[in-house]
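Visitor: Mind having a look at this structure? Questions to follow.
The values are calculated or read from the model by the stated rules, or taken from the named source; none is laboratory data. Source: prediction; values computed, not measured. Positions of Cβ are backbone-derived with ideal geometry, glycine not excepted, and every protein chain shown enters the neighbour counts. Side chains included, ligands, DNA and RNA excluded: accessible areas come from the protein's heavy atoms. Shrake-Rupley method; radii C 1.70, N 1.55, O 1.52, S 1.80 Å.
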Amino acid sequence: MGKFLAGAILISALVAGAAMYYLQVYHFYEEVAATGTDDVQLTSLVTGAPEPVLYDAFQAIDADSSPIRYRACFTTTMSHPMLTETYELFERAEPLNAPGWFDCFDAQALGAALEDGRALAFLGQKDIQYGIDRIVAITEDGKGFVWHQINRCGEVVFDGQPAPEDCPEPPQGY
């Protein structure tokens, strides 16, 4: 009887582990349908508002289960000098990992490119959702990557602390 119970526990653990893996890596993600006009936006230095930029080959995924699961890849013909003169750079860019099956987005390679200057990070949109910014990184060869990152205000509020004075007031429920 003991071997039967041990076997049942082992099989249950394997099934539960496989189900959790599937749910985290595949189930919650959905492809984002491209509009073809404003899927990639950068914050203008002049207006402070997000503006659509030139892009092609857009592909993206997102999940309702978390505001930081958004990932996108694209290409652009816009040069680094033109981008830096027109759009707001983002200093604290930390690319987040994407599921392995979304193979256009490699957070480690992108992080290395950002560190050594082969890629530049820009603010796509501040507070796309309270405490979450959309970040866009573009490499020298025109490959672009988009992800959501928790901003300074979000870090404080999501940690259960009151919003700092220079942050917007969080919506009800935070």
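Visitor: Evaluate E = 1/(1 + (r/R0)^6) for R152 and L89, where r is the Cβ-Cβ distance and R0 equals 22 Å; express this FRET efficiency to the nearest 0.05.
Guide: 0.85
Visitor: Leaving out ligands, DNA and RNA, and with a 1.4 Å probe, what % of the accessible surface on region 90-174 is carbon or sulfur? Write out the running numbers ahead of the final one.
Guide: Numbers: 2130 of 4620 Å².
Of the solvent-accessible surface of region 90-174, carbon and sulfur hold 46 percent.
Visitor: Using only Cα atoms, find the angle between the long axis of helix 2-22 and the longest principal axis of the chain, and express it within 0 to 90 degrees, rounded to the nearest 10.
Guide: 20
Visitor: When only alpha-carbon atoms count, how far does region 1-138 stretch along each of its three principal axes, as whole angstroms with the largest first?
Guide: If we take the Cα atoms of region 1-138, the spans are 74, 32, 28 Å.
Visitor: Looking at region 89-174, which GluC sites (Glu not before Pro) are in a loop (DSSP not H, G, I, E or B) and have at most 12 other Cβ atoms within 10 Å? Working shown, then result.
Guide: Values: sites: E91, E115, E140, E155, E165; in loops: E91, E140, E165.
Answer by residue number: E91, E140, E165.
Visitor: Right, something else. Bin all alpha-carbon pair distances of region 84-174 at 10 Å intervals from 0 and give each bin's fraction as a whole percent.
Guide: Spelled out per bin, shortest first, that is 16, 42, 28, 13, 0.
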